[in-house]
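Working notes, structure below.
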């Protein structure tokens, strides 16, 4: 008797993308399975030799086509990114799209020098030899990107890896799959060969599969907790990992600061992108002498913020990630319960979507959760300090060390204070903009991660380093080769001549070694 299986296959798991502005369903996106992840990595592996052997100039020319695509479709992309994230259209243009041409142009000018072979000194022990350093690509790089700047923080590491000669498998955040589709579309539009960039949409299971796959490096941007998991998985092989993690950036307002500029900067630096930046201002240390005046100015700026969706031409949109709203509420409520005062804001807005009011807190202390942990939301916590020394001490006594800023009319003093901050980047009388300079390395210390991208480091981190030493090969022997018989006294003279700084003595002893080696 023949039976027929009437069971239908289980539906494919999908990401349900909802608008952070209205909550409506924007679309569904299939989740890439572990088997499909492995297949994407195999395609990238197969494409690697051809891409590696493509000349640097040709790689750069092909990637420069991205500028034309972004120029032609940029405003459409900005609308789609804003739909995906909820951020204002101005932010999508400024912080997402405009940075990419800057990076492409910078590396077109500098990549050849950075990646090219260069000569280094050779000790006098090795006369007639030349020493060089060169770099070669790692192979297949896995990039796991975040949801807060889903375009920029995908494109920059992917471009850096490609310029260095690698192929890439990119796993965008499941929170912003629309932007993941834009990235995939751009690389298809420029005619990149199949396999050079593979975009795999999915959730945490997809990212985990990528960390287990046969890639040669993982570049991860995201939370500390997930970063630790990525690192632990990569250690099993082992492969290099670069981690761009959280921040709790310190803004130090000195007694002689331009308070008007500092207050306007704090409002922008803490509330741009709804505070969802690893470089957001999250701790504002204000010297007691100017504290009250500064807070009054900052309150005025925060109250003037216009909040709404992209079509409302707002200054600040909603939170992009739904659970982040709960984190912001918990931090603010706990701070209030522990003695902080809410000057303005402090609650979600009564409208659809994931909106939270721009919030200013004072009387914040280091014992509060909002001081210790990354809030990643539209909250400005102000800490009163006696002087700049206390501000530096408190700023450094923290688990994070990504970014910071110092505000003073004495630029030399500002530079001195900046040098004392334990973090990867510091600005004097400005903030955030440092991320947009492609010539400067970017990265953190402590729990903010390790490794650097942007700048020359941003290319070299995607390469292996190779040392080369060259001899002309004219002689049949070397002074340090066999036989050793009778060489001890001459070798002792070389040893003591070098350690004693008597180079003529060492060189004279070298001639003895040569004569003893020649057969």
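General observations
- Judged by the gyration tensor of its Cα atoms, with axes a ≥ b ≥ c, segment 129-254 is rounded; a/c sits under the 1.5 cut.
- D by Stokes-Einstein for segment 299-387, Kirkwood Rh over Cα pairs, 4 °C, 1.567 mPa s: 96 µm²/s.
- The protection proxy used here, the mean number of other Cβ atoms lying within 10 Å of each residue, ranks peptides 193-206, 412-425 as follows, highest first: 193-206, 412-425.
- Between helix 34-53 and the chain: long-axis angle, C-alpha atoms, 0 to 90°, nearest 10: 50 degrees
- The value given for segment 249-438 is a Kirkwood hydrodynamic radius of 16.4 Å, derived from the mean inverse Cα-Cα separation.
- Hydrodynamic radius of the chain by the Kirkwood approach over all distinct alpha-carbon pairs: 25.7 Å.
- Judged by the ratio a/c of the largest to the smallest principal axis of the C-alpha gyration tensor, segment 477-517 counts as prolate, that ratio being 1.5 or greater while a/b is larger than b/c.
- For segment 335-385 versus segment 169-245, the gap between their alpha-carbon centres in whole angstrom: 33 Å
- Percent of alpha-carbon pairs separated by more than 24 Å within segment 82-196: 39 percent
- Packing around the peptides 115-127, 156-168, taken as the average count of other Cβ atoms within 10 Å per residue, puts them in this order, highest first: 156-168, 115-127.
- Inter-label distance for residue 515 and residue 61, nm, one decimal - labels placed 7 Å from Cα along Cα-to-Cβ: 5.9 nm
- In segment 242-341, inverting the average of 1/r over every pair of distinct C-alpha atoms gives 15.0 Å as the Kirkwood radius.
- Rounded to 10°, Cα long-axis angle of helix 503-517 versus longest principal axis of the chain: 60 degrees
- Within the chain, helix-based [θ] at 222 nm, where runs of 4 or more DSSP H residues each add -39,500 (n - 2.57), nearest 500: -12500 deg cm²/dmol
- By average C-beta atoms within 10 angstrom, highest first, the peptides 496-509, 235-248, 258-271: 258-271, 235-248, 496-509
- On Cα atoms only, tilt of 99-115 relative to the major axis of the chain in degrees: 10 degrees
- Legend: calculated FRET efficiency, residue 237 to residue 296, from the Cβ-Cβ distance at R0 = 60 Å, rounded to 0.05, equals 0.60.
- Annotation for segment 129-147 versus segment 44-63: alpha-carbon center distance of 13 Å.
- Gyration tensor verdict on segment 42-89 (Cα atoms; rounded if a/c is under 1.5, prolate if a/b is larger than b/c, oblate otherwise): oblate
- Relative contact order of the chain, taken over Cα pairs closer than 8 Å and 6 or more residues apart, is 17 percent.
- Distance from the Cα centroid of segment 95-112 to that of segment 468-519 is 50 Å (rounded to whole angstrom).
- Virtual paramagnetic centre 7 Å along Cα→Cβ of residue 372, amide N under 13 Å, in segment 222-238: none
Every number in this text was worked out from the coordinates using simple rules, so none of it is lab data. Owing to the predicted nature of the structure, the values given are computational and were not obtained by experimental measurement. Cβ: placed from backbone, ideal geometry, glycine included. Neighbour counts: every protein chain shown.
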